[in-house]
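Okay, handing you the structure first.
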Amino acid sequence: MPVWLIWLVLAIVLAGAEALTGDMFLLMLSGGALAATGTSWLFDWPIWADGVVFLLVSVLLLGVVRPVLRRRFYSGVGLPEPAKALEGKTALVLDRVARHVGQVKLEGEVWTARPLDDNDVYEPGDQVTVMRIDGATAVVWKNP
């Protein structure tokens, strides 16, 4: 079996293992193995030279590319959660809202609801404000 093929198999195995971890460490090693595959195939260097290429490229990818990718993936602001966007909106009580029961119409959709204060009760037709979304339940409060 040619040496370049061994490097290629190693690159594919490392990339596949990266799919299980998601840490981008094995992906950088896979890049080093892919570079060693190319140099082995193009130049037919001895295996120790391919190992040096693997080591240099892997260290370069781990030290330079991986930190940049991790910052880019994990520091993004992203889009606001749709549930967060509903906080502060006004809703219409459809069914009596009490401690364990109730429905409101919020942004054209029917939501289960409960009052912010467990002792409060809101009747159909009341306008309430959404204080927060708790799972699939709107926690509401009526201004006095």
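The values are calculated or read from the model by the stated rules, or taken from the named source; none is laboratory data. Bear in mind that the values here come from a model prediction, so they are computed numbers and not experimental data. Reconstructed Cβ throughout: ideal geometry from the backbone, glycine too, with neighbour counts over all protein chains shown. Only protein heavy atoms, including side chains, enter the accessible area calculation; ligands, DNA and RNA are left aside. Shrake-Rupley method; radii C 1.70, N 1.55, O 1.52, S 1.80 Å.
Only one of (1) at pLDDT 95 or above; (2) open to solvent by 40 Å² or more (accessible area, probe 1.4 Å); (3) not assigned by the TED database to the domain that holds residue 7 is not met by residue 113, so which one is it?
If we test residue 113 against (1) at pLDDT 95 or above; (2) open to solvent by 40 Å² or more (accessible area, probe 1.4 Å); (3) not assigned by the TED database to the domain that holds residue 7, just (2) comes out false.
Could I ask something else about it? Restricting to the stretch 33-52, count the residues that are over 10 Å from residue 3 (Cα atoms) and within 38 Å of the chain's Cα centre (by Cα).
Count: 7.
Within the stretch 93-113, does at least one residue satisfy the condition of being farther than 15 Å from residue 143 by Cβ, touching a helix residue (DSSP H, G or I) at 6+ places or on another chain (Cβ under 9 Å) and in contact (Cβ under 8 Å) with a residue 24 or more places away in the chain?
yes
On to the next question. For residues that are without any contact (Cβ under 8 Å) to a residue 40 or more places away in the chain and outside any helix (DSSP H, G or I), scanning just the stretch 5-49, find the one that is surrounded by the most Cβ atoms within 10 Å (Cβ to Cβ).
Once the filter is applied, the top-ranked residue is 45.
Every residue in the stretch 86-97 that is modelled with pLDDT of 95 or more and small (Gly, Ala, Ser), please.
91
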